[in-house]
Amino acid sequence: MDRKISRHETFPGSGTRSGDGIGETKTMKRDDVIDVIRREPVLRTLRRSDTVLRQSDLTDRLDLSKSTAHRAIATLEDLGAIERVDGGYALTALGAVLADETTGYLTRIDRIGDLAVFLDVIEELPFDLDDFEAYSVTHATVDNPTAPMIRLAELTERSTTVRVVTSSLAPQSFDAGRHLLRQGELTSAMVLDRRAFDSLIESERYGADLAADLRETPLSLYRHDDPIPFQLGLMDGTLCLGANDRNRRPEALLETSSDAAVSTGEALFEQYRDRAERITPADV
């Protein structure tokens, strides 16, 4: 019968190595870290299991060959991270800590890779990378170069409140927002830097009806004299960040409903709005 394992159980002999000098403390070296990272799937699987696992269980669950599973077990056993229990293997106290730390580290590395095109903005603004624990990214592709803008339009269409701080405008999202504003189904506030504002009012497509939109719809428009080095949108409870390539073409759209990220985004919006000039119908 499988033995149940407590998540907080400590095992006899944890952190020791058998052999010469019984009870000798096993001190991990920098080279051991590489082995631990390579064996992270085994550590993670054992950490998530409530029962002792045999080598065959690890082989099946992780789709490993017998020889690979054997080497992983031998390495982790030598490090004092796992030990034999009732014919199987379980984490020691050291192994439980290593499992948590290693899985967390690799998850963070994966997140950094996913958010690579946004890191300049995230690091420049008062965001913390941990704010983006749950997120999705829409990338432009060769087959669909406007995918980020289309996704932004979809988010706009399902929102009742949209707040934007940006250095550029996405036509699809602007069209969707304008339609909803005129239907009375959306409230919107936009903070544009001078370059984006000038492009807006000079546009035949958008500029001609802008004064009417400001008079007749719940649209608030603000002009910020200084360049805005990012593209931020708040669609109800969702924060969006845009990224452009070197030619100012949309490259990716990041969205998250993380409370911490949304709260930071709201504070940024208020900060830029409070430093901007409110635009009236007479101004356009």
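Where a number appears in this text, it was derived from the coordinates with a stated rule and is not lab data. Because the structure is a prediction, the values reported are computed rather than measured. As a convention, Cβ positions derive from the backbone with ideal geometry for all residues, glycine included, and neighbour counts pool all protein chains shown.
For this structure, a couple of remarks:
- Given +1 at the Cβ of Lys and Arg, -1 at the Cβ of Asp and Glu and no other charges, the dipole of segment 116-283 around its Cα centre is 560 debye to the nearest 20.
- Gyration tensor verdict on segment 188-259 (Cα atoms; rounded if a/c is under 1.5, prolate if a/b is larger than b/c, oblate otherwise): oblate
- Using the alpha-carbon positions of segment 150-220, Rg (one decimal) and Dmax (whole number) come out as 11.2, 29 Å.
- Computed helical MRE - 222 nm, the chain, DSSP H runs ≥ 4 contributing -39500 (n - 2.57), nearest 500: -13000 deg cm²/dmol
- The chain, relative contact order [Cα under 8 Å, separation at least 6], %: 16 percent
- Largest GNM mean-square fluctuation among Ala153, Ala176, Ala212, using the chain with Cα springs under 10 Å: Ala212.
- Antiparallel DSSP beta bridges within the chain, as percent of all bridges there, nearest 5: 70 percent
- Answer label for P(r) over Cα pairs in 10 Å bins from 0, in percent (calculated), chosen among [x] 6, 27, 32, 22, 10, 2, 0; [y] 6, 22, 27, 23, 14, 5, 2, 1, 0; [z] 6, 23, 22, 13, 13, 12, 8, 2, 0: [z]
- Between segment 140-164 and segment 43-73, the C-alpha centres lie 43 angstrom from each other.
- Karplus (6.51, -1.76, 1.60) ³J(HN,Hα), θ = phi - 60°, over segment 158-171, in Hz, Gly and Pro reported as x: 9, 9, 10, 9, 10, 10, 9, 10, 7, 9, 7, 10, 9, x
- In a simple Cβ point-charge model (Lys, Arg +1; Asp, Glu -1; nothing else charged), the chain has a dipole of about 680 debye relative to its Cα centre.
- Cα point-scatterer Debye curve for segment 87-159, base-10 log of I(q)/I(0) at q = 0.28 Å⁻¹: -1.20
- When the Cα positions of Ser263, Pro227, Val36 are compared along the charge dipole of the chain, Val36 comes out farthest toward the positive end, with charges on each C-beta of Lys, Arg, Asp and Glu.
- Only alpha carbons enter this Debye calculation for segment 116-283, each as an equal point scatterer, and the log10 of I(q)/I(0) it gives at q = 0.12, 0.13, 0.20 Å⁻¹ is -0.50, -0.59, -1.48.
- Residue order, fewest to most surrounding Cβ atoms within 10 angstrom, among Asp283, Asp130: Asp130, Asp283
- Springs join every pair of Cα atoms under 10 Å in this Gaussian network model of the chain, and among Glu77, Glu154, Glu204 the largest mean-square fluctuation is at Glu204.
- Computed from point charges on the beta carbon alone (+1 for Lys and Arg, -1 for Asp and Glu), the dipole magnitude for segment 30-111 about its Cα centre is near 200 Debye.
- Estimated D of segment 58-128 in µm² per second, where Rh is the Kirkwood radius over Cα pairs and Stokes-Einstein applies at 4 °C, 1.567 mPa s: 88 µm²/s
- Rounded to 5, the percent of DSSP beta bridges in segment 116-283 classed as antiparallel: 65 percent
- Dipole orientation for the chain: of the candidates Met190, Leu119, Ala208, Leu119 has the Cα lying most toward the positive pole (charges on Cβ; Lys, Arg +1; Asp, Glu -1).
- Computed over the chain with a Gaussian network model linking Cα atoms closer than 10 Å, the most mobile of Thr51, Thr161, Thr146 is Thr51.
- Projecting the Cα atoms of Val165, His139, Ala176 onto the dipole axis of segment 103-235, where Lys and Arg carry +1 and Asp and Glu carry -1 at the beta carbon, places Ala176 farthest toward the positive end.
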